[in-house]
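The values are calculated or read from the model by the stated rules, or taken from the named source; none is laboratory data. What you see is a predicted model; the values in this text were computed from it and never measured. With ideal geometry, Cβ positions are generated from the backbone for all residues, glycine too; neighbour counts draw on all protein chains shown.
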Ligand SMILES: [Fe+2]
């Protein structure tokens with residue numbers, strides 16, 4: 001098995017301090033509409049791990065946030081995040097019902113954070129969550145409920161968990177699966193949740209050897225994708241044979257004309273030869289069409305440049321979308337430019353953040369909550385690392401004109417390591 005220490009080098013390296021900074025320099029003009037926090041999280045080991053065994057996915061979590069209000073950047077904060085039993089929580093941050101939650105998959109429960117990003121403690125959503133949650137939720141376009149698929153190595157099933165807008169679990173359905181698959185993300189339409197049962201599964205031998213993320217490529221595990229009606233039971237899942245590959249992230253899904261369309265980033269394989277981070281061939285943007293009448297999945301490459309961290313206008317969650325966003329990958333896990341895909345016109349625009357500057361996951365923020373507004377009427381917000389200064393900025397792009405210079409840049413006197421995911425959490 002091959003390992004690499006890429007995930008501890010450069011801007012993957014952890015930062016060593018928690019800071020609170022209230023004097024932030026801004027270039028350009030922060031739009032008045034942006035009142036809230038841009039939060040994100042990623043791995044940031046507290047103590048130096050053994051590079052040979054370190055897996056990027058299991059470093060201690062650290063949350064980062066910038067608060068914007070009245071055209072000003074009021075603060076930057078970063079805080080370590082940990083579950084009550086020392087559990088790692090490092091993958092996503094979301095806002096629900098005025099509360100802030102750090103999320104992870106594979107077993108640990110969320111950690112609730114204060115507005116200022118201080119950890120409050122492990123959270124089972126007021127006693128309504130039984131066991132694991134997930135890092136990736138998707139909003140039901142009708143109800144606004146958040147849907148996810150939760151897994152745990154010891155379960156003989158995965159769980160469809162639905163979190164209401166009151167931050168309480170209102171539904172849990174158990175779907176039998178074999179081999180303990182890693183299911184990082186799902187997709188939701190107005191009628192179904194999409195379950196990705198792909199050939200990365202729990203590996204007892206790797207666990208016995210002490211690997212911190214004992215999941216491996218399993219060619220003996222058939223790739224399949226399932227459609228579960230949003231109010232259905234386990235017997236209602238319709239399974240389709242899927243391409244042999246791995247999918248961390250979906251961009252969006254929707255149903256029309258009797259088929260389910262899912263846009264996603266497809267990796268050719270995962271954790272087969274390289275076992276401490278995602279690095280097994282170029283991930284590309286694909287469209288999968290699940291056709292229940294034909295009983296098949298059709299695939300189409302939408303953009304073949306290496307990319308990850310697909311995002312979209314959350315107002316279109318589960319509905320037909322036109323635009324998608326992401327970051328280009330320069331190779332070996334490095335990040336590159338911000339991508340804007342026009343999936344109707346079939347073109348991709350590229351925002352180049354400049355020499356030596358690398359964007360993390362971009363988050364779309366609509367100008368207004370009005371669902372009928374133009375889909376790209378808003379901004380893209382992203383943390384950008386500058387290799388020359390070894391500091392980070394928050395850039396605000398006009399989502400309708402992404403090739404232009406940022407409309408605003410917040411200059412941080414610190415760097416924000418490459419990590420996973422985050423959200424714009426508007427003030428209420
Ligand atoms: Fe993810």
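For the range 219-320, please list each of the strands (runs of 3 or more DSSP E) lying entirely inside it that holds at least 1 residues being in contact (Cβ under 8 Å) with a residue 40 or more places away in the chain and within 22 Å of the chain's Cα centre (by Cα).
Counting at least 1 such residues, we get 224-229, 246-256, 259-267, 284-291, 296-303, 307-311.
Of all residues in the range 262-280, count the ones that are away from the ligand (no atom under 16 Å from the Cβ) and surrounded by 22 or more Cβ atoms within 10 Å (Cβ to Cβ).
2
Take the range 391-428 and flag every residue that is closer than 14 Å to residue 65 by Cα and assigned to a strand (DSSP E or B).
Of everything in the range 391-428, those that are closer than 14 Å to residue 65 by Cα and assigned to a strand (DSSP E or B) turn out to be 392, 393, 394, 395, 410, 411, 422, 423, 424, 425, 426.
In the list 326, 336, which residue meets the criterion of being within 16 Å of the ligand (Cβ to nearest atom) and either farther than 23 Å from residue 70 by Cβ or in a loop (DSSP other than H, G, I, E, B) (or both)?
The conditions single out 326.
Contact list please: Cβ distance under 7 Å, first residue in the range 415-428 and closer than 16 Å to residue 384 by Cα, second residue more than 16 Å from the ligand (Cβ to nearest atom) and in a loop (DSSP other than H, G, I, E, B), pairs at least six apart or on different chains.
The qualifying pairs are 415/15; 415/390; 417/13; 417/14; 417/15; 417/44.
Go through 370, 376, 398 for me and flag whichever is more than 19 Å from residue 317 (Cβ to Cβ) and surrounded by fewer than 23 Cβ atoms within 10 Å (Cβ to Cβ).
Checking each option against the conditions leaves just 398.
Does the range 173-182 include one or more residues that are within 16 Å of the ligand (Cβ to nearest atom), closer than 19 Å to residue 91 by Cβ, within 22 Å of the chain's Cα centre (by Cα) and buried (at least 22 other Cβ atoms within 10 Å of the Cβ)?
yes
Being at pLDDT 95 or above and over 25 Å from the mean Cα position of the chain (by Cα) is the filter here; which residues of the range 32-63 pass it?
If the condition is that a residue be at pLDDT 95 or above and over 25 Å from the mean Cα position of the chain (by Cα), then 32 is the only one that fits.
Looking only at strands (runs of 3 or more DSSP E) that lie completely in the range 89-144, which have at least 3 residues being closer than 21 Å to residue 79 by Cβ and within 16 Å of the ligand (Cβ to nearest atom)?
By residue number, 92-96, 99-103.
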